[in-house]
1. Show me the ranking of peptides 196-203, 482-489 by mean Cβ neighbours inside 10 Å, starting with the highest.
2. To the nearest 10 Å², what's Ser614's accessible area with a 1.4 Å probe?
3. Between region 153-206 and region 483-541, what is the separation of their alpha carbon centroids in Å?
4. Peptides 335-347, 445-457, 74-86: what's the order by average Cβ count within 10 Å, highest mean first?
5. Over the Cα atoms, compute the radius of gyration (one decimal) and Dmax (the largest Cα-Cα distance, rounded to a whole number) for region 116-212, in Å.
6. At 1.4 Å probe radius, can you tell me the per residue accessible area of region 260-324 in Å²?
7. Applying 1/(1 + (r/R0)^6) with R0 = 51 Å to the Cβ-Cβ distance of Thr253 and Leu581, what FRET efficiency is obtained, to the nearest 0.05?
8. When only the heavy atoms of the protein chains count and the probe is 1.4 Å, how do Asp611, Asp465 rank by accessible area, highest first?
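The values are calculated or read from the model by the stated rules, or taken from the named source; none is laboratory data. Since the structure is predicted, the reported quantities are computational estimates derived from the model, not experimental observations. Positions of Cβ are generated from backbone atoms using ideal geometry, with glycine treated the same way; all protein chains shown enter the neighbour counts. What goes into the accessible areas is simple: the full protein's heavy atoms, side chains included, and nothing from ligands, DNA or RNA. Shrake-Rupley method; radii C 1.70, N 1.55, O 1.52, S 1.80 Å.
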Amino acid sequence: MNIKKQVYIYSILSLIVIAGCKNDTTPKVETKENSLIKIEDKLNFAELENVDLKGCVGQEINKIIDKRIASDFAANEIATEATKAFEIRMDDKFHEGRGLWQGEFWGKWTLSAIAAYRYTGDQNIKNTIERETKRLIASQDVNGYIGSYENSAFVEGDVWNVWNRKYALWGLVESYELLKNPEILKAAKGMMDQLMGEVGPNSVPMVDTGNFYGLPSSSILTPLVKLYLDTGEKRYLDYAEYIVQNWHSVPDTPPSIVEKGLTGIPVHEWFPEKGKWTKAYEFISCVEGLLDLYQVVGNPDYLTAAKNIYTAIQENERVITGGIGYHDKLVGASHKPSGLNEPCDVVYWERLSAKLLALTGDQSYADEIERLTYNVLLASANMTGDWGVRRLGLNEPHLISPLHAFTNYHQCCVANVPRGLLQLGQVAVMSDKTNDDIYINLYDEGTYKIKLSDGKMVTLKMETDYPKNGEVSIKLITDEPFEGGLVFRQPEWCQKFQMGINGEDELAVDINGNSQIVDRLWKNGDEIKVAMEVFGRIIEIPDENNFKAIMWGPVVLARSSILEGFESLDNPMAINNDIKLSQLPDDKKNSKVWLEFKLDADDGKSYLLCDYASTGKEYEKPTDPTAWQEMIKNRVNTDQRVWLKTNKHTPQS
């Protein structure tokens, strides 16, 4: 099927409901088990209310929630500044002919805050969400417009107008789903109706708005589909289909996401001048939106294209840490030892991985989530949790996030990472929608209360030091016995995976890909012991014989200036594929790192390595919002090497 030949019946008259939009009283359409969804997920996301993460992941989440969301400072300064952008509307006034993105931060902060409230139950967070949502709605014009630009129609050129409105819409829709206030849904409808009058088939084409052939603007697909599911009003579905059609409106021109995605060609090879259009974060967000639309309309080409794109990014753009692309572009970055990765790109790669995991039940998608968790998400914030990086360097110092768009407290990656961390609680343990199978996708210490298909609740209490070692203990707490399968992900790197129940050493398991399945009648108090062999291994890049990297299970290791002098980081190492790696106990390791190892090289020399995420976390939040464009080159004071220069190479067999 050629997407260009598809005909979409789209009436602009159905979109113009601006007049009187504030008096609209559309009844709520329930989103759970929504009849408007044609293709249901196979797995249920866990409810954050029923998850309590411990260990290094839980500690990082709690630290960032406290600093960026839950504290009085966050409520009175960070949140209020985000809303202020819509009251002062300065984004199109800072520079002649250019627009900025203060308006993205309200939605980003709100989405993270909603997840944080669901996770913690902190009523103060909910109160702040409600207060700032009311302030945002109070900024709405009579024609429905909500935005951070004085001129709502300034949507072409070097601007982020529609992008900002995407995040405002998304924040409003999820605030409505949390707070159940119909005035919020009415405001969301009004702003979307007004936008559809400015951007669409009878006005400015979506692909002509903003930068990168409309990719940032087009990523409004996800909140747009959410709005359709919350209202049942078909004009929103029609507009979502229009966006996809508009991607293919000009032959041989980006973005053409479905048509090119169906080919399976690497994304960076779709069109010339790849760096001018392949913006990773926004592109991946569009693919997520395409999957959201697929679940509503059932077009199999949307799923095929999305899965092909996922594989192409995984093979050509995902670097060893789980980072995506180079300097936020899709350029074929996987096969290069240099690397600068944006945390925003990774948060949306995580979202796309989680989306496909839920949709298909294929636990290999959780391998990607595990990799990016330990090497990117845990590396993205500073020691105190109040700020973060804009780029993570593989073989160079990280770039500290500047204050963006003349704000005092905001930057895109700093705003996105909390939501990425909190999503781990939704995917670590999931349940099947149609039976009583429970999927253990991640081995993060914590307590997980999971709803079975009949509505009964089962609690899994997971105790582990993973990935320091591979020992995991899971205790089941259930009021009634249940028949079902526990589906364990065997990590892609793991060669030896064993399980025992209630003291039994051996278990009969079914193997499906990288899933180990134990089917039985489960009872209260059942305890499952998992033993994985975690070991160090060499990773190589084709055609880069002078560099090797080392991983410990899912964790990337690095030489770091924390452990040795800057001047020695590039000294060649004599290492072969058979490495001698030993982990230092907590009382012997450097206190600034999470994991530390001693590597004995082939020439008798020894080196200290640490987990990559521990490098580059000692820096403070910038303070001068007027200097944000100069601050983009600011780097942390430490340095590291993931790709280790070697003086001995043995080709892989």
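1. For the peptides 196-203, 482-489, the packing ranking is 482-489, 196-203.
2. Approximately 10 Å² of Ser614 is accessible to the 1.4 Å probe.
3. What the calculation gives is 46 Å, centre to centre.
4. Put in order of decreasing packing, that is 335-347, 74-86, 445-457.
5. Just the Cα atoms of region 116-212 yield Rg and Dmax of 14.8, 46 Å.
6. With all protein chains present, region 260-324 gives 28 Å² per residue.
7. 0.55
8. Asp465, Asp611
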